[in-house]
Amino acid sequence: MNSSRNIYRREIDFRALALQSPEFSRRLKANDQLDFSDPDAVRQLTKSLLERDFKIRVDLPGNRLCPPVPNRLNYILWLQDLLDTTSEAGDDEYDPEKEVLGLDIGTGCCSIYPLLGCSMRSRWKFFATDIDEDNIVSSRKTVSENQKSDRITVVKTDPDDLLIPLDKLGIDRLDFTMCNPPFYESEQELLSSAAAKSRPPYSACTGAAVEMITPGGEITFVSNMITQSLNLQTRVRWFTSMLGKLSSLSAIVQKLLDLDVENWAVTEFVQGKGTKRWAVAWSWMDWRPRSDLSRGLSTLPKHLLPFPSHFNVELPKDTKLEQVCSKLESELSVLRYLVHTWVTKESCVGFAREDVWSRKARRKFSKEQHTKSANENDDPDVMDLEEQWKKAPKDVAALGFRIDLRLEADTSVSMVIRWLKGMDQVLFESFCGMIKRKFGEE
């Protein structure tokens, strides 16, 4: 994620917060530190941060999980970047006019994710579900008191309901789902985990069993989401979940691979001295996120990381920017079934229906030109594909890409090829190889 947007990238200044929040000041110790073992102090920190930084007022029940704001913000920022970098615009930029609809599964006592998302982006809307009646009551109250009832709909679900109940919600599609599932499969596992820690937890935990325990633990919970996504497919752009254990992340990614999911993302959320969390996302669509978002975890085994969506081409040191732009235009223009547009003077976006650049593709085209028959011209499948390509090339393209050129401070020229769309890793590699042969250093 873009760390510059994270207002908590540095340690929170408790003294400054105390000056702005009298309620928090009363919880601060004489040395300007907070007693994280005190549940009331932890709840007040969350309440004061939400009010100061997002103008969100919440009332946190003493018998429910208290959501840490920096950790929840990290998840929202990552989600924003996933959506921004998989838009059909291909520019990896935030579109303030784009309407986004998300689902928060297990919204908790105050619907913090929907409230954060809506406070940061004016065109976002949420459905928020929970199976706990107390959470539903307190979340609806909090959403109403923050004047967000027109954008956040809190829905009570049953344990036997689908986790992603589009029909029950009365909607056809979603841009994303998000979830912070219960970590543990039993009370015994919860107690054993706490006992195994070498030191007390960094922060007091006030969660109820319904929020922390689920049959099979978080692996089974997210696996059920994956199974349901098989039926939903492209009705949801991104399915996502936070995870409390690194081992769970590996197991979930392996399940995605076993089901032939080809577009997924992983990341790690680290906030100060607090506990680490991880997140996974997967999509049945073929728009690819930036590499820093999809491969945000260096400790994961290489085979569990998605293929990089960026390729750097080393250009000769005496290369001139204008010459590269001109040559690139010439090379791309002669490729059939490849359309490209210069979005700036140094950046172009293109879509290819198939491999049209390799020797094999050129030989195939040459053969077609010499051996075309009347029957082939009348083939309805061929004609239909041709018409689809002419009307909406990006919809039927097997590869979408962006090529960015930049004049560096030392006057050298850099070239980066960004994989925007497609499921075929080999096709992207082939395209990058062609560009490298045309432009790279000998």
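The values are calculated or read from the model by the stated rules, or taken from the named source; none is laboratory data. None of the values given here were measured: they were computed from a predicted structure. Cβ atoms come from the backbone with ideal geometry, glycine included; neighbour counts cover every protein chain shown.
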query: For segment 238-249, does any single residue satisfy the condition of being farther than 24 Å from T85 by Cβ, at pLDDT below 85 and assigned to a helix (DSSP H, G or I)?
result: no
message: Can you find, within segment 29-69, the residue that is modelled with the highest pLDDT among those that are surrounded by fewer than 20 Cβ atoms within 10 Å (Cβ to Cβ) and within 16 Å of R10 (Cα to Cα)?
response: D53
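Could you say which residue among V253, V280, V261, V210 is at pLDDT 95 or above and assigned to a helix (DSSP H, G or I)? It would help to see each step written out before you state the result.
On the way: V280 fails: assigned to a helix (DSSP H, G or I); V261 fails: assigned to a helix (DSSP H, G or I); V210 fails: at pLDDT 95 or above.
Answer to the check: V253.
Here's the yes/no breakdown for (1) polar (S, T, N, Q); (2) under 21 Å from Q425 (Cβ atoms); (3) modelled with pLDDT of 85 or more:
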residue	(1), (2), (3)
L335	no, yes, yes
T341	yes, no, yes
E346	no, no, yes
A352	no, yes, yes
R359	no, yes, yes
F365	no, no, no
K372	no, no, no
D378	no, no, no
E387	no, no, no
statement: Condition set farther than 15 Å from K394 by Cα and among the small types (G, A, S), scope segment 334-360, selection surrounded by the most Cβ atoms within 10 Å (Cβ to Cβ): answer is S347
- line: The residue from S294, S298 that alone is assigned by TED's automatic domain parsing to the domain that holds R10 and loosely packed, with under 14 Cβ neighbours inside 10 Å is S298
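Y75 - would you say it is within 29 Å of S309 (Cα to Cα), part of a loop (DSSP other than H, G, I, E, B) and either of a type outside the set (S, T, N, Q) or outside the structural domain of I131 (by TED's automatic domain parsing) (or both)? Let's see the steps before the verdict.
Working: within 29 Å of S309 (Cα to Cα): yes; part of a loop (DSSP other than H, G, I, E, B): no; either of a type outside the set (S, T, N, Q) or outside the structural domain of I131 (by TED's automatic domain parsing) (or both): yes.
No; evaluated as a whole, the condition is false for this residue.
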query: On the given criteria, is L328 surrounded by 17 or more Cβ atoms within 10 Å (Cβ to Cβ), touching a residue at least 40 places away in the same chain (Cβ under 8 Å) and touching a Cys at 6+ places or on another chain (Cβ under 8 Å)?
result: yes
message: Take L315 and tell me if it is outside any strand (DSSP E or B), under 29 Å from I12 (Cα atoms) and either of a type outside the set (G, A, S) or in contact (Cβ under 8 Å) with a residue 60 or more places away in the chain (or both).
response: no
field: Residues that are among the small types (G, A, S), closer than 25 Å to R235 by Cβ and surrounded by fewer than 24 Cβ atoms within 10 Å (Cβ to Cβ), drawn from segment 109-133
entry: S122
- prompt: Has segment 105-114 got any residue that is in a helix (DSSP H, G or I), under 18 Å from T177 (Cβ atoms), in contact (Cβ under 8 Å) with a residue 24 or more places away in the chain and β-branched (V, I, T)?
  reply: yes
- prompt: For segment 257-274, which residues satisfy the criterion of being in contact with a Phe, Trp or Tyr (Cβ under 6 Å, 6 or more places away or on another chain) and either buried (at least 22 other Cβ atoms within 10 Å of the Cβ) or β-branched (V, I, T) (or both)?
  reply: V261, T267
- prompt: Got a sec? Which of V236, V324 is in contact with a strand residue (DSSP E or B) (Cβ under 7 Å, 6 or more places away or on another chain) and over 30 Å from I7 (Cβ atoms)?
  reply: V324
Scope segment 278-291; condition in contact with a strand residue (DSSP E or B) (Cβ under 6 Å, 6 or more places away or on another chain), in contact (Cβ under 8 Å) with a residue 60 or more places away in the chain and buried (at least 22 other Cβ atoms within 10 Å of the Cβ); matching residues: A279, A281, S283, R288, P289
message: Pull out all pairs, ordered by first then second residue, where Cβ-Cβ is under 6 Å, the residues are six or more apart or on different chains, the first lies in segment 383-395 and is among the aromatic types (F, W, Y), and the second is modelled with pLDDT of 80 or more.
response: W389/R353; W389/V396
